[in-house]
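Report on the following structure.
The values are calculated or read from the model by the stated rules, or taken from the named source; none is laboratory data. Because the structure is a prediction, the values reported are computed rather than measured. Every residue, glycine among them, receives a Cβ derived from its backbone with ideal geometry; neighbour counts consider all protein chains shown. Calculation scope for accessible area: heavy atoms of the full protein, side chains included, ligands and nucleic acids excluded. Shrake-Rupley method; radii C 1.70, N 1.55, O 1.52, S 1.80 Å.
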Amino acid sequence: MVGTGNVAWHLTKAFHKFGIAVEQIVGRNEEQAKEIAGLININYTTDLSALKHIDGIYLIAVNDSAIADVAKQIYKPGRKLIHCGGGVNKNVLIQDGNKAGVFYPILSFNKNVEIDIAKAIICVDSNDTELTNALFALAKKMSAHVYKLNDEQRLVLNMSAVWVNNFSNHLFTIA
């Protein structure tokens, strides 16, 4: 898990709950990395060069604007880079033809508010059929509501979700 924000917090807990191994937490904020790692008793680091080399998925759960930069920093041949951004094209992860994709739960994540990911819609996609199927199976362990959406479909869905959520919050503010 690369990132220490709200998405990383909740996904790390959810993966653990559903028996999906998270090997390491990597993030800029040492206090937050340590806190998330402590939730499931795993290692953490703030040094991207100390990222364990595993045969698996490197889930990038950072701000959308940082995804491409983080991907460039952690890329190595054989690593499957996956991001969680609804509005970010999966191609920002691709270097030298590596396998890359998206694992996008449609939720508002707040560390102080518990979520039930089993009720969430999770969208997956990748540049490789085998990886897309693996992401789909991974998401199905957590939720019955899993869909394969390409970048254009996911962008429209993300914009709609942001609009609905923000408009509702705006109405609450006005009220």
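Under a point-charge model restricted to the Cβ atoms of Lys and Arg (+1) and Asp and Glu (-1), what is the dipole moment magnitude of the chain relative to its Cα centre, in debye to the nearest 20? Mind showing how you got there, number by number?
On the way: 17 positive and 16 negative charges, 56 e Å.
Computed about the Cα centre, the dipole is about 260 debye.
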Percent accessible area from carbon and sulfur atoms, the chain, protein chains only, probe 1.4 Å: 52 percent
Length-normalised contact order of the chain in % [C-alpha pairs under 8 Å, at least 6 apart]: 17 percent
Length released on extending from Q73 to N110, taking residue separation times 0.36 nm less the Cα-Cα span: 10.7 nm
Contact order normalised by residue count of segment 70-128, Cα under 8 Å, 6+ apart, percent: 32 percent
Solvent-accessible heavy-atom area per residue, rounded to whole Å², over the chain at 1.4 Å: 54 Å²
Reachable lysines, given that their alpha-carbon falls under 27 Å from the alpha-carbon of K34 and they are not under 8 places away in the same chain: K13, K17, K52, K72, K76, K80, K111, K141
Dipole-positive endmost among L81, L93, L149 within the chain (Cβ charges, Cα centre): L149
For Y147, residues with placed amide H under 5 Å, excluding near neighbours: I122, C123, V124
Expected 222 nm ellipticity per residue - DSSP helices of 4 or more, -39500 (n - 2.57), all of the chain, to 500: -12000 deg cm²/dmol
Ranked packing of 109-120, 76-87, most packed first, by mean Cβ within 10 Å: 76-87, 109-120
Backbone HN-Hα couplings from phi across segment 129-138 [Karplus 6.51/-1.76/1.60, Hz, Gly and Pro as x]: 4, 4, 5, 4, 5, 5, 5, 4, 5, 4
Net dipole in debye of segment 75-175 [+1 Lys, Arg Cβ; -1 Asp, Glu Cβ; about Cα centre; nearest 20]: 240 debye
Shape call, segment 67-149: gyration tensor on alpha carbons, a/c limit 1.5: oblate
